[in-house]
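Structure record follows, encoded as structure tokens.
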């Protein structure tokens, strides 16, 4: 599913970082297949240093350039993140939310363009090892 797809991760904190590390360790996506958006400059620098992936402070830019968008922001920041990306998300994009307590209808109402949405909750914010 991820082969040849650009992945945009919105939120480069512990959960976003763990997902990035896991995808790279398992070679699910190449480094150049990822872009990470985070408002915090120090967080962007840490993600760049740790994983050598492209980073941006713009949620919109990350969403526009990706076919799969992982929403890894804190629940209290979700409405703002969705407002940032709503103009560039349509049914061609797959949205994956890992935010606790944020429902699919909450996301769908804010995107309004028929985006495909998956909601999941990873069990822990630690990267998977390459061995599994």
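Yes/no matrix, rows are residues, columns are (1) closer than 23 Å to residue 31 by Cα; (2) touching a helix residue (DSSP H, G or I) at 6+ places or on another chain (Cβ under 7 Å); (3) surrounded by fewer than 16 Cβ atoms within 10 Å (Cβ to Cβ):
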site: 62; (1), (2), (3): yes, no, no
site: 89; (1), (2), (3): yes, yes, no
site: 94; (1), (2), (3): yes, no, no
site: 105; (1), (2), (3): no, no, yes
site: 122; (1), (2), (3): yes, yes, yes
The stretch 47-60, subset in a helix (DSSP H, G or I) and in contact (Cβ under 8 Å) with a residue 24 or more places away in the chain, residue surrounded by the fewest Cβ atoms within 10 Å (Cβ to Cβ): 50
Starting from residues that are part of a loop (DSSP other than H, G, I, E, B), closer than 17 Å to residue 8 by Cβ and over 13 Å from the mean Cα position of the chain (by Cα), keep the ones in the stretch 90-131 and report whichever is modelled with the lowest pLDDT. 113
Residues satisfying the stated conditions in the stretch 1-46, i.e. farther than 18 Å from residue 75 by Cα, in a loop (DSSP other than H, G, I, E, B) and in contact with a strand residue (DSSP E or B) (Cβ under 6 Å, 6 or more places away or on another chain): 5, 29
In the set 21, 17, 12, which member is buried (at least 17 other Cβ atoms within 10 Å of the Cβ), more than 14 Å from residue 85 (Cα to Cα), in contact (Cβ under 8 Å) with a residue 40 or more places away in the chain and more than 12 Å from the chain's Cα centre (by Cα)? 21
Restricting to the stretch 64-76, and then to whatever is touching a residue at least 12 places away in the same chain (Cβ under 8 Å) and in a helix (DSSP H, G or I), can you tell me which residue is surrounded by the fewest Cβ atoms within 10 Å (Cβ to Cβ)? 75
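The values are calculated or read from the model by the stated rules, or taken from the named source; none is laboratory data. Given the structure is predicted, the values throughout are model-derived calculations rather than measurements. All Cβ positions, glycine included, derive from the backbone under ideal geometry; neighbour counts span all protein chains shown.
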